1. Quick one: in the range B:15-64, of everything that is open to solvent by 30 Å² or more (accessible area, probe 1.4 Å) and within 16 Å of ligand 2 (Cβ to nearest atom), which residue is nearest to the other protein chains (Cβ to nearest Cβ)?
2. So A:L125 fits all but one of (1) over 15 Å from A:N210 (Cβ atoms); (2) modelled with pLDDT of 95 or more; (3) open to solvent by 10 Å² or more (accessible area, probe 1.4 Å); what number is the exception?
3. Regarding B:K130, is this residue of a type in the set (D, E, K, R), more than 16 Å from ligand 1 (Cβ to nearest atom) and within 10 Å of chain A (Cβ to nearest Cβ)?
4. Only one of B:V209, B:V194, B:V223, B:V204 is open to solvent by less than 10 Å² (accessible area, probe 1.4 Å) and closer than 24 Å to B:D270 by Cβ. Can you tell me which?
5. Can you tell me which residues in the range B:294-330 are open to solvent by 70 Å² or more (accessible area, probe 1.4 Å), at the interface with chain A (Cβ under 7 Å from one of its Cβ atoms) and either touching a residue at least 24 places away in the same chain (Cβ under 8 Å) or not in a loop (DSSP other than H, G, I, E, B) (or both)?
6. Does the range A:134-155 contain at least one residue that is within 9 Å of chain B (Cβ to nearest Cβ) and acidic (D, E)?
7. Identify, by number, the condition in (1) open to solvent by 10 Å² or more (accessible area, probe 1.4 Å); (2) farther than 20 Å from B:C45 by Cα; (3) within 16 Å of ligand 1 (Cβ to nearest atom) that B:D135 doesn't meet.
8. Which members of the range B:152-191 meet the condition of being away from ligand 2 (no atom under 16 Å from the Cβ) and assigned to a helix (DSSP H, G or I)?
Amino acid sequence: MAVMMYWEALQRAQDEEMTRDPLVLVMGEDVGVAGGTYKATKGLYDKYGAERVIDTPISENGFTGLAIGASFIGVRPVIEIMSVNFAWLAMDQIFNSAAKVRYMSGGQLTAPVVIRSPGGTAHQLGAQHSARMEKVFMGIAGLRVVTPSTPKQAYGMLKAAIRCNDPVFINEHELMYNMKGEVPDGDYFHPLEGSEVARPGRDVTLFGYNISVHWCLEAAEFLATHHGIDCEVVDLFTLSPLDRAGIKASVSKTHRAVIAEEAEAPVGVGSEVIAIINEECFFELDAAPLRVSARNVPIPYNHKLEKAAIPSAKDIVHAVLKMFGK
Amino acid sequence: MTPADKKRVLREMLFARRFEERCYEAYVERKIGGFLHLYPGQEACAQGVMEAARPGHDYVITGYRDHIHAIKCGADPKAVMAELYGKETGSSKGRGGSMHIFDVEHHFMGGYALVGGPFPLAAGIAKGLKMKGSDAISICFLGDAANNQGTFHESLNMAKVWNLPVLYVCENNLYGIGTRIDRSTAVVDQYKRVCGYDIPAVQVDGQDVEVVYQAAKTAVDHVRSGKGPYFLELMTYRYRGHSMSDSNAYRAKDEERMWSKRDPIIMLRDRLVDAGEISLDDYKAMDTEILHQIESEIIKFAEESPEPSVNELEKYVLADNDPYVRGGVR
Ligand SMILES: Cc1ncc(C[n+]2csc(CCOP(=O)(O)OP(=O)(O)O)c2C)c(N)n1
Ligand SMILES: [Mg+2]
């Protein structure tokens, strides 16, 4: 095990896969000579050259479509979209080509592309750089959506995603690239389906994904110390398909659920998880599940407004206390 | 093209015409559903280009008007018709339909319904071919109106910057559904728009299959020799409405008459008759034989094939049992 930063884990995964398979390439804006906006492709250009580490023009739909076309004949492209807000421009190719080609060709063609992109509110980047899009991607049949919460997951999921025969969207976060954590030495492949218990507990399940797993863990610590409430934290590292069995198992144990998502509530991860709870284990519940979500506004620039717009560990604590009538 | 080639080309274009006309009938009989875009009038385009290319070896991608392009690559017309009938034996197992014919074995990489969608996919296939050191090229057939999509410009730019082996063929039939090109497009001659990307671009008569073939030969040779992308504009005309749901009321009768005098099949037929290569009786016999083949083999196959099972509705959404989905693989 080596301790490394999230961006280093991503870089190592791509480096290893590029060494192994000459048909793996990475592409995106400033991924090559400049080494990547968040350093995730640092050093790859020097090592593998311009044919495989491709600085693209600012043509998100174009270069995403190009990568998808290349993947039809065996290339394994890893696309970096600089900010998920720009992925809207590539939506046509992701939605209409990558996700549907296997189905509409009767299984003849597949688009094994990996699309990595940071989504989330960072620090006063304003409305057009702060949105989250995972809720959009997870509603697309034919596309896998994962969202690593640790360097270990980032490494193992990216490696698995490169080798997987389906298109995979990896939802990252601008604030997490410098997060440190242990990463296994040698090839490690993290599952692209399922969930993980990040902290076992008895009294209530806190569901999080990506950055909100860390808010849940922080809230759980606080609730244990100050209120004697023992929270289980479940890391939903896969958003599509959501882990029905994992959600059911945890709620059947704790009988209570709070879902923490950085995105706004409508049509979100929280609504999906609550629907699954209803379908799988409604009669196990001791209390109505709660969502902790962003306010439904474009993210404001002003620091205080920005902070008020997105949830935090404190909001999770409040939700849990409310649920316990405290 | 040798005289024998020309006779074969005539037969194939006539087959394409009759195949599409039979689709029309099947649609009217409600055997075919959805949108149906037919090719009559434009036969010389796919035919001439694919004569110059290597069908089954070169990679072809196109829009929704795709039946004939697939067949030109080597797809079995029976499977194409069965697809239109929504049958399990169809080229896409009944999951695709008219606009989504695929035959990957013959390197027909599909029909796509989003106007402009295939432009970058074709560039990507070219990128893959280049990485693999293949001598195959990527060929993208699309219409004139598609060139107003951003993907057209994005793809031409990338194809040039990365010197990709891709041939873009524009079948300029002067209309995007009911909107005539001069009402939607600042520069009507499409090849002129390509000069902004420093890619060789020519415009030729798309009704004369020999002219198309000659121009395509230059284009294909250019691309295959590693000189990068090429743009070929073929001036053509579709006889029917845009799709079966189009009234076709927006075109002047004079214009339609003018183009019908330049029918690609009749022009080649008359040339072969004048040269004494075939007689009109030979042509009629050929036609009868084609009609018989379509009825007795192709339609019969489509009619008699089973529909997909509803139990397999979710098949083909994602890969089956991909080991990396479970993790822990070495
Ligand atoms: C993105 C998108 N916008 C609109 C349509 C509807 N549509 C289908 S075909 C078409 C016209 C395309 O014309 P052209 O590219 O010239 O091809 P042609 O049909 O003439 O062969 C339109 C507007 C579509 N399918 N996709
Ligand atoms: Mg047109």
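1. B:Y64
2. Among (1) over 15 Å from A:N210 (Cβ atoms); (2) modelled with pLDDT of 95 or more; (3) open to solvent by 10 Å² or more (accessible area, probe 1.4 Å), the lone unmet condition for A:L125 is (2).
3. Yes.
4. Residue meeting the stated conditions: B:V209.
5. B:R326
6. no
7. (3)
8. B:H153, B:E154, B:S155, B:L156, B:N157, B:M158, B:A159, B:K160, B:V161
The values are calculated or read from the model by the stated rules, or taken from the named source; none is laboratory data. Small disclaimer: the values here were computed from a predicted structure and weren't measured. Please note: Cβ atoms are built from the backbone with ideal geometry, for glycine as well, and neighbour counts cover all protein chains shown. Only protein heavy atoms, including side chains, enter the accessible area calculation; ligands, DNA and RNA are left aside. Shrake-Rupley method; radii C 1.70, N 1.55, O 1.52, S 1.80 Å.
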